[in-house]
Amino acid sequence: MFRAAFQGRLHGALAHNLGVQILGGVYKSGDILPNEINSSESLDISRSAYREAIRILASKGMVESRPKIGTRVTERDRWNILDPEVLGWMFETEPSEDFIKGLFELRLITEPAAAALAAERRTPDQIERMRKALEVMEAETLASEAGRMADLEFHHTLMFATHNEALASLSTTIGAAVSWTTRYKQRHQSLSRDPIPDHARVFEAIERGDASAARWCMESLVRMALEDTQKSMSPQT
């Protein structure tokens, strides 16, 4: 099955499958994963592909292998939850409200400050890239893949417009959090509120170099996005 579906990328497919199972609680911290020989035979994959899948999970802090013991799922506090791939796996399960809130708290800590710095340091090219991203978002909406990609470009450019290497390094993580929460809150029905005007207000403040307004507008954007996401978690929505 894996051979036919993933054509030589078996280790990535298996890492994905095991990662989702770990995050979804099929395998819990302390559990020993099926051994290499049994798994290779049951999945009809090579032992080297299985070992590579385990290396991927180990690099994300999710498992550790020991001689004569096997591969054990590590404690959750060792998992690299902010790895963009792990975030994606998490959203294939049903993440808890606490986890969702944690992501938005991370955004609240970083993005308003980043918007303020971007207002002071952005280049003309970065302003133009944000403008074009916003235009695509307005034309395509966040219900489309093109609109969501433009949203990622908007946030990515904003983070790099801080000209702060440490903040810019968070761009991929912030982008993944934005992307997956946007998809998540539309999983049952379309967005009940259009968030694009919130982005426009952030852009306008950055464009005119108003750091205080950029900070406030970004904080408002993130808080409203959290509220929208929490509403989507209700089975009645």
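The values are calculated or read from the model by the stated rules, or taken from the named source; none is laboratory data. Being a predicted model, the structure only gives us computed values, none of them experimental. Neighbour counts are summed over all protein chains in view; Cβ atoms, including those assigned to glycine, are modelled from backbone coordinates with ideal geometry. Remember, those area values only see protein heavy atoms, side chains included, never the ligands or the DNA or RNA. Shrake-Rupley method; radii C 1.70, N 1.55, O 1.52, S 1.80 Å.
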**Report entry** Carbon + sulfur, % of accessible area of the chain - ligands and nucleic acids excluded, 1.4 Å
**Finding:** 51
Report summary line: Heavy-atom accessible area of LEU103, protein chains in place, probe 1.4 angstrom, given in Å² to nearest 10, is 10
Report summary line: With the dipole of the range 73-170 defined by +1 on each Lys or Arg Cβ and -1 on each Asp or Glu Cβ, the option from ALA161, ALA150, TRP79 whose Cα lies farthest towards the positive pole is ALA161
Requested in this report: May I ask you to compute the full-extension gain from ARG131 to GLU145, defined as 0.36 nm times their residue separation minus their alpha-carbon distance, rounded to one decimal in nm?
Outcome: 3.2 nm
Requested in this report: Please state the charge dipole magnitude for the chain, taken about the Cα centre, from unit charges on C-beta atoms (+1 on K and R, -1 on D and E), reported in debye and rounded to the nearest 20.
Outcome: 640
Query raised in the report: Could you give the angle, 0 to 90 degrees to the nearest 10, between helix 211-232's Cα long axis and the longest principal axis of the Cα atoms of the chain?
Result: 50
Query raised in the report: Which whole-number percentage describes the relative contact order of the chain, with Cα contacts under 8 Å and a sequence gap of 6 or more?
Result: 19
**Report entry** Alpha-carbon gyration tensor eigenvalues x 5, square-rooted, for the range 113-237, Å
**Finding:** 25, 14, 13
Report summary line: Longest principal axis of the chain (C-alpha) makes with the long axis of helix 196-207 (C-alpha) an angle, in degrees to the nearest 10, of 60
Requested in this report: Assign unit charges at the C-beta atoms only (+1 for Lys and Arg, -1 for Asp and Glu), then state the dipole size of the range 134-237 relative to its Cα centre in Debye, rounded to the nearest 20.
Outcome: 460
Requested in this report: Write down the accessible area per residue of the range 109-195 in Å², having rolled a 1.4 Å probe over the full set of protein chains.
Outcome: 47
Report summary line: Close lysine pairs (the chain; alpha-carbon distance under 24 Å; 8 or more apart or on separate chains) counted at 8
Query raised in the report: Taking only DSSP H segments of four or more residues, each worth -39500 (n - 2.57), what value at 222 nm results for the chain once the sum is divided by all its residues, to the nearest 500 deg cm²/dmol?
Result: -21000 deg cm²/dmol
Query raised in the report: Which angle from 0 to 90°, rounded to the nearest 10, does the C-alpha axis of helix 10-23 make with the longest principal axis of the chain?
Result: 80
Query - Burial order of peptide ranges 93-102, 112-121 (average beta-carbon count within 10 Å, highest first) - result: 112-121, 93-102
Query raised in the report: What number in nm² do you get for the range 28-159 if you take the convex hull of its Cα atoms and divide its surface by four?
Result: 11.5
**Report entry** For the chain, fraction of C-alpha pairs farther apart than 26 Å, in %
**Finding:** 47
